[in-house]
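Student: Quick one: this structure, given as structure tokens, is what I'll be asking you about.
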């Protein structure tokens, strides 16, 4: 029991230090902070890593440790920033391309995503299509748990993206146009007559961005 209490105490101290570090800490830094030797620190870090409490990353010849949740948050933010930079570069490369061209690029991305979806979630029923689109968008969109599928009736549905990357910034409106194309590219292999239109947009003051999917049998 005493050993368990000691282990828990050391793990709590390590986690407390890691939670205050923005970029992670080395074994030596952790050992110095909580006043244990380097070998003991290394042992507990490996135990915590096995429990999936912490995460390590290589920086040069050093290994830095940080809380797993923080590591994933940082990676997510990097993906978000990359997505925005990519979209900006596309706009500049195309010299203020029309939204139609941007949607076409998104459609090609969506078609590639569809090809890589497991067969089990591909469908021939329109009522299930919105679920497929939402699952596929989760592979494209860098923020999980924010995509809401919403069937409406036998021939129409809606995909809602909460906290869209456009963030209501008019200059980033093209992100929404690309997402319109992505949904279209995902849906068209099954339903060639599908039409996708953005109905609500944070750039227009709406609380979220929503995409209406209409099927003509």
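Student: So how much slack lies between residue 19 and residue 89, counting 0.36 nm per residue of separation and subtracting their Cα-Cα distance, in nm?
Tutor: Gain in length upon complete extension: 21.7 nm.
Student: As a footprinting exposure proxy, order 156, 174 by other Cβ within 10 Å, with the fewest listed first.
Tutor: In increasing order of surrounding Cβ atoms, one gets 156, 174.
Student: Multiply the residue separation of residue 117 and residue 155 by 0.36 nm, subtract the distance between their alpha-carbon atoms, and state the gained length in nm to one decimal.
Tutor: Additional length available on full extension: 11.4 nm.
Student: May I ask you to order 161-173, 182-194, 125-137 by the average number of other C-beta atoms within 10 Å around their residues, highest value first?
Tutor: 182-194, 125-137, 161-173
Student: A follow-up question, please. Between residue 46 and residue 81, how high is the FRET efficiency from 1/(1 + (r/R0)^6) when r is the Cβ-Cβ distance and R₀ = 41 Å? Nearest 0.05.
Tutor: 0.85
Student: Quickly work out the residue 131-to-residue 188 label distance, labels modelled 7 Å from Cα along the C-beta direction, and quote it in nm with one decimal.
Tutor: It is 2.6 nm.
Student: Obtain the nm distance between the two label points defined at residue 167 and residue 98 by a simple spin-label model: each point lies 7 Å from its Cα along the Cα-to-C-beta direction.
Tutor: According to this spin-label approximation, the distance is 3.1 nm.
A short reminder: the numbers here are calculations on the coordinates, not readings from a lab. The structure presented is a predicted model; accordingly, all values stated were derived computationally and were not measured. FYI the Cβ positions are ideal-geometry reconstructions off the backbone, even for glycines, and counts take in every protein chain you see.
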